[in-house]
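What follows is one structure encoded as structure tokens, with my remarks underneath.
The values are calculated or read from the model by the stated rules, or taken from the named source; none is laboratory data. Note that the structure is a prediction, hence the values are computed from the model and not measured. Quick reminder, even Gly has a Cβ in these numbers, built from the backbone with ideal geometry, and neighbours come from all protein chains shown. Ligands, DNA and RNA are stripped out before the accessible areas are found, and what is left, the full protein with its side chains, is counted by its heavy atoms. Shrake-Rupley method; radii C 1.70, N 1.55, O 1.52, S 1.80 Å.
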Amino acid sequence: MVSETPSRFMNRSGDASIAREKNGENAEIFISPRFKSAAALAGWDEEDLIIASFVVEDTPERSSSKRRRRSNLLFKSSTPPSSGSLRRKQRVQQSSIRLPVVDLDKVIRHEEERSAEKKKKKREIEEKRIGNDEKKLSEQNSDSVVLPCIDKLRDELSCAICLEICFEPSTTTCGHSFCKKCLRSAADKCGRKCPKCRQLIGNGRYCTVNTVLWNTIQLLFPKEVEAQRAASVNLKGKETPSPRNPPNQRLRSRNRETAAFEDRVQREDLSRLLVSEERSERRRRGGSMRLDQDRDAALALRLQRQEFASAFGATTATSSSSASNLSLARANLRAMASRAVRR
Amino acid sequence: MMTPGGSGRLRPLPTAMYAGYSGTASSWVAKTSVSASGKRIQREMAELNVNPPPDCSAGPKGDNLYHWIATIIGPLGTSYEGGIFFLDIIFPSDYPFKPPKVVFKTRIYHCNVDTAGNLSVEILRDSWSPALTITKVLQAIRSIFLKPEPYSPTLPVIARLYLSDREKHDEVAKEWTLRFAK
């Protein structure tokens with residue numbers, strides 16, 4: 001592209017009429033459409049346009065900018081127009097409308113600035129498009145005033161059984177969606193038919209989560225989902241402590257009852273932690289909701305702190321973990337002391 | 001119906017109050033957090049307050065969330081016009097998976113309501129669905145004011161009269177409305 005331009009210059013310096021013809025032929029490429037539209041607004045005809053382009057080309061720093069712009073344009077024409085370029089076009093048109101007296105200097109500088117700005121933005125967006133977009137969306141919707149139809153959406157996306165925002169929605173064969181849990185208990189207690197239309201529900205089909213819907217809900221109602229998740233985690237932690245046992249086998253000589261209690265409390269905390277960790281892990285894999293991760297991390301930290309506090313807050317004699325910690329500390333001290341003695 | 005010592009705190013329905021529905025195993029959880037049924041009932045209450053169905057109102061009787069009282073005003077153009085009919089609503093502990101129990105407290109001359117106030121409305125029995133709400137139940141009850149169902153009556157005598165001599169039936173119904181529901 002760069003090698004082409006000098007030849008054109010030479011052409012023009014040779015015979016103006018030939019150059020004019022040539023340029024008239026491919027004016028589409030030679031003169032940028034923006035420039036053309038601005039010129040048309042000013043009431044210029046084809047000839048004036050070409051002359052003006054010469055003027056622009058002849059001034060050194062402008063010509064360089066022009067060349068760059070043209071190369072940009074050529075590049076753009078080969079690629080399908082992205083939304084960014086479309087927007088730019090619209091902007092430019094607006095600006096040209098705003099400036100009925102075409103001050104080329106101004107327009108070009110303006111466009112330069114605009115394009116630089118846009119390019120920067122575009123690069124940024126390309127760098128972290130998905131994450132950024134989602135973040136924006138969640139930010140937009142977290143205050144839930146932005147969307148005028150948010151109430152309708154809430155109605156639409158809430159489960160008919162618990163009347164809350166669907167948590168892990170599951171869609172029946174007849175097309176109705178409910179929380180997975182709600183649908184399961186409805187099928188267990190009220191027979192295998194859709195609560196909304198009474199059609200039969202297929203075997204086991206109601207156990208799968210409608211991923212698209214679930215992601216949509218998580219994007220639209222992050223707060224509600226988080227609240228429900230917290231509630232369910234709490235319930236889980238209370239009702240069914242996980243069977244996984246932490247390696248905590250140093251409490252043989254301890255009081256049996258208190259040890260068992262301590263163990264259970266710890267296990268519950270751990271299970272809660274595990275659940276939240278699993279969730280965050282899954283979400284990370286799904287590549288969504290950095291906000292949620294942060295919240296999960298905060299929750300995990302809080303739980304850990306609680307655990308820590310409970311371990312040390314409890315009487316030192318009975319609590320196994322604190323005892324083990326103490327013994328560890330003692331061992332460390334002993335080791336340090338021995339090292340010091342050896343020296 | 002006021003529970004002793006239960007000031008402000010929502011307590012689950014004592015199982016004795018609604019025989020046939022045994023309390024769930026996790027009833028001890030309900031002390032700290034409102035159960036799923038309680039949550040749902042609270043939601044329905046909020047919804048009812050925001051936009052109640054026409055001629056209907058409902059709400060908890062005391063501080064027990066599971067025991068409601070509802071009123072339906074006799075719709076215009078029927079023989080129950082102008083009457084205010086009270087209903088008792090008792091939610092089971094596994095609501096919404098089991099239907100609420102609805103009983104007329106005001107006497108009414110209607111082929112679908114027996115002398116004890118029990119209704120023969122299908123959605124309150126076999127065709128109950130957890131997707132139904134109290135709003136819909138009240139609407140269904142209101143619809144039997146407008147259009148009785150004489151082919152599935154609780155009181156066949158009234159149904160027969162309704163089918164054979166509609167004018168007489170309406171006259172009696174008006175009289176009962178005037179006598180009991182005003």
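Filter the stretch B:111-141 down to residues that are away from every other protein chain (no Cβ under 14 Å) and surrounded by fewer than 20 Cβ atoms within 10 Å (Cβ to Cβ), then give me how many there are.
Residues that pass the stated criteria total 8.
Within the stretch B:86-98, can one find any residue that is over 24 Å from B:Leu155 (Cβ atoms), more than 14 Å from chain A (Cβ to nearest Cβ) and surrounded by fewer than 19 Cβ atoms within 10 Å (Cβ to Cβ)? If you could, list the steps in order and put the result at the bottom.
First, the residues of the stretch B:86-98 that are over 24 Å from B:Leu155 (Cβ atoms): B:91-98.
Narrowing further to those that are more than 14 Å from chain A (Cβ to nearest Cβ): none.
So far as the stretch B:86-98 goes, no, none of its residues is over 24 Å from B:Leu155 (Cβ atoms), more than 14 Å from chain A (Cβ to nearest Cβ) and surrounded by fewer than 19 Cβ atoms within 10 Å (Cβ to Cβ).
Could you tell me which of the residues A:Cys194, A:Cys166, A:Cys179 is within 14 Å of chain B (Cβ to nearest Cβ), open to solvent by less than 30 Å² (accessible area, probe 1.4 Å) and more than 32 Å from the chain's Cα centre (by Cα)?
Going through A:Cys194, A:Cys166, A:Cys179 in turn, just one is within 14 Å of chain B (Cβ to nearest Cβ), open to solvent by less than 30 Å² (accessible area, probe 1.4 Å) and more than 32 Å from the chain's Cα centre (by Cα): A:Cys194.
Hey, any hits in the stretch B:158-174 for a residue that's within 14 Å of another protein chain (Cβ to nearest Cβ) and more than 14 Å from B:Asp55 (Cβ to Cβ)?
Checked the stretch B:158-174: no residue is within 14 Å of another protein chain (Cβ to nearest Cβ) and more than 14 Å from B:Asp55 (Cβ to Cβ).
Only one residue in B:Ile141, B:Ile123 is in contact (Cβ under 8 Å) with a residue 24 or more places away in the chain and in contact with a helix residue (DSSP H, G or I) (Cβ under 8 Å, 6 or more places away or on another chain). Which one?
None of the other options fit; the residue is B:Ile123.
Of everything in the stretch A:197-216 that's without any contact (Cβ under 8 Å) to a residue 40 or more places away in the chain and assigned to a helix (DSSP H, G or I), which residue is least open to solvent (accessible area, probe 1.4 Å)?
A:Tyr206
If you check B:Tyr151 against the conditions, is it open to solvent by 50 Å² or more (accessible area, probe 1.4 Å), part of a loop (DSSP other than H, G, I, E, B) and not acidic (Asp, Glu)?
Against the criterion (open to solvent by 50 Å² or more (accessible area, probe 1.4 Å), part of a loop (DSSP other than H, G, I, E, B) and not acidic (Asp, Glu)), B:Tyr151 qualifies.
Residues are listed down the side, and each one gets a yes or a no for (1) in contact with a Phe, Trp or Tyr (Cβ under 7 Å, 6 or more places away or on another chain); (2) at pLDDT 90 or above:
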site: A:Asn141; (1), (2): no, no
site: A:Val145; (1), (2): no, no
site: A:Cys159; (1), (2): yes, yes
site: A:Pro169; (1), (2): yes, yes
site: A:Thr172; (1), (2): yes, no
site: A:Ser177; (1), (2): no, yes
site: A:Asp188; (1), (2): no, no
